[in-house]
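Data first, discussion second: the structure below is written as structure tokens.
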Amino acid sequence: MSTRESQKIAKSNQFLFRPALRPAKRILGPLLALALAQLLAMATAPEAPRVIRTPDPVESLAFSSDGTVLAAAFDGRAQLIHIPPAAGAADGSFPVLGAFHGAACTLRSPAFSPDSLLYYGRRRDCAGPASRSSRSRAARRASAANAGDAREIPIYDLATGRVAHRLGPHAGYLKAIGMSADGRRLASASDDGQLRIWSVADGRLLRSTRLPRLTDPRRVVQPFAFDPQLELIAVHDWRDYYMVMIEVETGRVLHKTEYPFRAGEQPLFVFAPDGQSYFDGRRIRASRSGEPVSTIEFNFALIPGRAVFSPDGQQLALLQLSAGGQASASSSTATSASSSTVEIYTVATGALYSSYTVTDRLISLAWHPEAERRILAAGGYSGRIYLREFESLP
């Protein structure tokens, strides 16, 4: 290289590192980091969704234990959809195995048990969305036959679509329902403070205890989640906005943590599959001690609407909504033209791994039970179910 060329290179380096260009470097640095993050998200993005079309908003989703059946519940109706091993066709041609018709707002929170029974819980705020599909006369008859007391839990027989037996009645309206990991026991908590454990197979009451009164002796706490082993129940202390973990066997308060939501928001709380940790809407915490494990680094400008752990508990899928939206089919802002973002986080670190956006108001989430398939189902207000399969997960 000649002396003249060396001098030109030296001058150009001096130009690049002039103090006047340092502000530009401070701007370009974050932009380059953002570009790299977008490239990483593109590399880990899920495949194009496979869409299942249903006639009504999909408020609740649940897979059977072998992953071959997906239950979708909405507005007093439920459909059982076959999910083939090859994940189905891209045109949404998934066979419908059967349908249930119950009283309006009764078919919610589906779950499967080993003896092929499916349960749905009622909610006190039973003003569900108006069905966009006209019901047949047979459907109305089936709905009337399956209707019952709003304080009971109907157990449906998959073979006949009719109620096999009912759990209850409870003295108060139901506030939380949980199925054990083996599907043989069901726990229910009502707003009268009673906590009950049932046998799913025959409807026998196995145990009944009363939740403790915490802050205000005139009012019981509001329960909203059971762990998969039915050993713990998370309740909301309504007066001081704290979440309290209670041991079901003894009624002992294990810990109390600050409630991380703004006033008027619904509780967002979900246990990990092994019950050892939970997501409280902001952090992953140890179930019995309440100690933080990691903090989920989501966008605080959005509202977390639904959350669900992957089958192995290593990932957390979080449904993000716009500031004015709610993850409820009864929301007046829930229109099919809205957009929702689903984000996948690594539980151990709380870091975002992948995300995607759907032009729909999503209101439910469910992971496929087989961890190696890496399929996430999301139900929308439009009646569509979006199945996304990830090539890999950390």
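The values are calculated or read from the model by the stated rules, or taken from the named source; none is laboratory data. Given the structure is predicted, the values throughout are model-derived calculations rather than measurements. When we count neighbours, we look across all protein chains shown, and the Cβ atoms used for this are built from the backbone with ideal geometry, even at glycine.
Flag set for G203, criterion: farther than 12 Å from L230 by Cβ and modelled with pLDDT of 85 or more.
Here are some residues: Y353, Y386. Which one is of a type in the set (F, W, Y) and under 24 Å from T295 (Cβ atoms)?
On the way: Y386 fails: under 24 Å from T295 (Cβ atoms).
One residue alone meets the criteria, Y353.
Listed here are the residues, each with its yes/no results for (1) modelled with pLDDT of 85 or more; (2) surrounded by fewer than 19 Cβ atoms within 10 Å (Cβ to Cβ); (3) in a loop (DSSP other than H, G, I, E, B); (4) out of contact with any strand residue (DSSP E or B) (no Cβ under 9 Å at 6 or more places or on another chain).
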{"site": "A41", "(1), (2), (3), (4)": "no, yes, no, no"}
{"site": "E47", "(1), (2), (3), (4)": "no, yes, yes, no"}
{"site": "V58", "(1), (2), (3), (4)": "yes, no, yes, no"}
{"site": "A71", "(1), (2), (3), (4)": "yes, no, no, no"}
{"site": "L80", "(1), (2), (3), (4)": "yes, no, no, no"}
{"site": "A89", "(1), (2), (3), (4)": "no, yes, yes, no"}
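Looking at region 357-374 only, could you name the residues that are part of a strand (DSSP E or B) and surrounded by fewer than 20 Cβ atoms within 10 Å (Cβ to Cβ)?
Of region 357-374, the ones part of a strand (DSSP E or B) are 357-358, 362-367.
Passing the criteria: only T357.
So R210 ticks every box in (1) at pLDDT 80 or above; (2) under 19 Å from L61 (Cβ atoms) but one. Which box is left unticked? Every listed condition holds for R210 apart from (2).
Take the residues in region 154-167 that are of a type in the set (G, A, S) and over 26 Å from the mean Cα position of the chain (by Cα); name whichever of them is nearest to R210 (Cα to Cα).
Going residue by residue through region 154-167, those that are of a type in the set (G, A, S) are 159, 161, 164.
Now narrow it down to the ones that are over 26 Å from the mean Cα position of the chain (by Cα): 159, 164.
Values: A159: 36, A164: 28 Å.
Filtering first and then ranking leaves A164.
Listed residues V270, V244, V308, V293; which is of a type in the set (A, V, I, L, M, F, W, C), modelled with pLDDT of 90 or more, over 27 Å from F63 (Cα atoms) and surrounded by 15 or more Cβ atoms within 10 Å (Cβ to Cβ)? Just a single option satisfies the conditions, and that option is V293. Restrict the check to region 256-267 and report whether at least one residue is in contact with a Leu (Cβ under 9 Å, 6 or more places away or on another chain) and modelled with pLDDT of 90 or more. Looking through region 256-267, none of the residues is in contact with a Leu (Cβ under 9 Å, 6 or more places away or on another chain) and modelled with pLDDT of 90 or more.
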